[in-house]
Amino acid sequence: MERINVKKEIVCWGIGRICRNCLVNYPEVNPSFFIDSYAACKIFEGKTVKSPKEIDDWTKYYIIITIKSKKAKAEIEEFLIEKGLHKEQDFCTYDHFFTCQSITVEKSMHLVEKYINEHPEMMSPILLRIPVTGIRNDKAYSRFISKYIKKRGSAKCVILSVVQGEISEEFPTKFGCSVLRMPNSFMNQEDISGNNEEIESLLAPEEMKWLEETRRRKLSDDKEEELHVSIKLYYYYKIILKQLKPSKIIFWSNWNIESYIVGHLADAYNIPCGFMEYGWLPGTYQVDPRGIAGQSEYAVNPRMFETLEVTNIYDVKKIKQYIIDCKMDTRTFADTEEDNAALLRLDQNKKNIFLVGMDDHGMRMNPQNEYWKKYVSNVVESTEETLILLAELCKRNNWNLIFKPHPGNRAYHYETDFENIILVRDMEIDKLIKLADVVVSIASSVDYKTLIYGKPLVQLGIHTLLGKGCTYVVLEKGMLEKQICLALENGMTEEQIEKFDRLLQILLQKYLWDDLSDRSLRYGRSTDEDFLS
């Protein structure tokens with residue numbers, strides 16, 4: 001199918017999970033603005049969000065419907081037809097628009113097999129399952145990956161990634177090794193093709209049982225479809241790993257079905273595997289053999305820190321001040337009238353409690369599953385539950401409550417009747433941390449930044465700060481009020497500061513890699529040191 005040739009301004013209708021995935025996987029598609037009938041925010045990914053009522057001339061735009069619900073898509077299509085637009089010519093759904101850019105499971109497996117036959121010297125490479133586009137700070141990211149590959153030798157590394165269209169010399173030149181195309185798993189449509197019953201018959205009963213159990217970790221709008229995709233992905237990676245026989249695997253991100261499948265198969269085949277993400281400390285990347293956040297070995301085994309010898313290689317006080325001065329890792333924000341009006345409601349005579357929203361909607365984790373309780377939080381089941389708990393406590397104790405949802409969840413409606421919640425969606429996070437007397441969080445990259453600013457952190461979730469003596473830990477709901485009161489009374493104590501500084505020394509020496517971003521102060525491990533060594 002030929003890609004739809006669009007000569008008008010592109011607009012995406014719907015600012016949920018599907019839209020966010022489209023923007024990440026297809027960065028060349030740059031919407032002028034977004035449409036959403038129920039948006040709770042005016043800015044999404046740095047662009048304006050409008051309601052359909054605000055559009056005067058629909059003929060000026062090409063509409064991509066970035067919504068998964070079949071019913072909602074049908075209603076929007078009917079609405080656009082009533083406005084005089086024609087399907088495909090003036091609008092289409094996201095899966096139709098992008099399908100021609102992906103390849104099938106079968107074709108990808110064939111291309112990998114062909115590659116190995118033509119390049120037998122590439123057998124047993126370091127396999128990097130990482131993105132090649134749509135990454136934050138792309139210049140530093142490509143510099144980091146290419147330097148890692150160069151140090152290992154380009155003949156020892158292969159990148160497996162979603163690439164739109166045929167692979168040109170751009171990506172191999174950019175990263176310094178071969179790039180192989182894989183299907184785009186999030187679309188769940190033609191790119192995951194083939195006879196599912198036939199593939200299922202090729203998997204052992206224990207493999208199907210594992211897939212069923214793993215699927216329960218995740219929330220899904222369509223359980224049957226999710227299992228269908230999981231089976232295809234499992235079969236795909238099983239074949240790919242047998243074809244390539246990688247010496248090790250580096251997988252970008254975690255928490256999704258695909259990452260669980262790769263980790264499971266790597267373990268079954270005795271292949272060292274590490275999960276890569278942005279480091280908790282701004283200016284770094286992390287690679288962990290267990291996973292990200294609460295799944296990390298540093299979260300699962302907090303006592304491992306107690307016996308580690310620490311040498312004061314880094315001036316951590318200087319690093320913290322540098323991060324503050326440069327506002328490092330501050331995401332795109334907007335100084336909106338709505339946020340400023342909300343902050344005007346702050347009572348200057350009250351203490352400020354700031355709740356940092358977790359990306360629980362983007363994670364799509366099932367809070368009823370034991371996996372959530374083990375690796376996310378055994379105290380609360382969502383950001384929304386935490387918000388309601390805090391609203392009650394703040395009302396009773398006469399505290400201000402500031403709440404900023406995770407950037408990926410800015411459009412989400414938090415169902416609460418409490419009027420004492422000061423909701424800000426697009427404001428700079430550094431400003432809110434400085435306003436806070438206490439920061440409350442389940443798990444967020446903001447947690448480390450909070451401690452860098454010297455603000456007390458009340459922690460309800462499971463991640464790499466747990467058990468390190470840097471935070472006020474909540475082990476059950478009844479402890480939340482007491483811990484906030486302690487944090488208000490004592491602030492971030494000298495003991496917590498000392499333990500946090502020790503933790504930073506350990507992380508920078510043993511766990512976090514310098515991301516090679518443009519900055520004057522360098523810190524973190526060098527790519528001279530291999531991952532998982």
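What the table below lists for this structure:
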item: Prolate/oblate/rounded label for the range 334-400 (Cα gyration tensor, a/c 1.5); result: oblate
item: Helix-only [θ]222 nm of the chain, DSSP H runs n ≥ 4, -39500 (n - 2.57) each, per residue, nearest 500; result: -11000 deg cm²/dmol
item: Sulfur and carbon atoms: percent of accessible area, the chain [1.4 Å]; result: 48
item: Calculated FRET value between residue 509 and residue 156, using beta carbons and R₀ = 25 Å, to 0.05; result: 0.45
item: Beta bridges by DSSP in the chain, antiparallel share as percent, to the nearest 5; result: 15
item: Inter-label distance, nm, simple model (7 Å from Cα along the C-beta direction), residue 107/residue 170; result: 1.8
item: Extension gain from residue 397 to residue 490, taking 0.36 nm per residue of separation minus the Cα-Cα distance; result: 31.8 nm
item: The range 437-533: C-alpha gyration tensor shape, a/c 1.5 cut-off, then a/b vs b/c; result: prolate
item: Accessible surface, the chain, averaged per residue in Å² (probe 1.4 Å); result: 45
item: Contour minus Cα-Cα distance for residue 304 and residue 82 (0.36 nm per residue); result: 73.6 nm
item: Accessible area (Å², 1.4 Å probe, nearest 10) - residue 525; result: 40
item: Label point 7 Å beyond Cα of residue 476 along Cβ direction - residues of the range 361-393 with amide nitrogen under 14 Å; result: 378-380
item: The range 255-363: GluC sites (Glu not before Pro) in DSSP coil with no more than 11 other Cβ atoms inside 10 Å; result: 306, 309
item: Nearest-0.05 FRET efficiency for residue 208 and residue 245, computed from C-beta distance (R0 30 Å); result: 0.75
item: Of 307, 269, 234, farthest towards positive along the dipole that unit charges on Lys, Arg, Asp, Glu beta carbons give the chain; result: 307
item: Global form of the chain, assessed from the alpha-carbon gyration tensor, a/c cut-off 1.5; result: oblate
item: Linear extension gain, residue 72 paired with residue 268, 0.36 nm per residue minus alpha-carbon span; result: 66.4 nm
item: Residues of the range 57-76 with amide N under 12 Å of the 7 Å Cα→Cβ point at residue 8; result: 57-64
item: Sparse-neighbour loop sites [GluC sites (Glu not before Pro); the range 477-533; at most 12 other C-beta within 10 Å; DSSP]; result: 529
item: Between the range 352-402 and the range 247-315, the Cα center-to-center distance that results, in Å; result: 25
item: Computed label-point distance, nm, for sites residue 532 and residue 201 using a 7 Å Cα→Cβ extension; result: 3.4
item: Residue-level accessible surface for residue 472, protein heavy atoms, 1.4 Å, Å²; result: 20
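The values are calculated or read from the model by the stated rules, or taken from the named source; none is laboratory data. Being a predicted model, the structure only gives us computed values, none of them experimental. Counting neighbours? That spans all protein chains shown, and the Cβs are built from the backbone with ideal geometry, glycine included. To get the accessible areas, we keep the full protein, side chains included, count just its heavy atoms, and leave off ligands, DNA and RNA. Shrake-Rupley method; radii C 1.70, N 1.55, O 1.52, S 1.80 Å.
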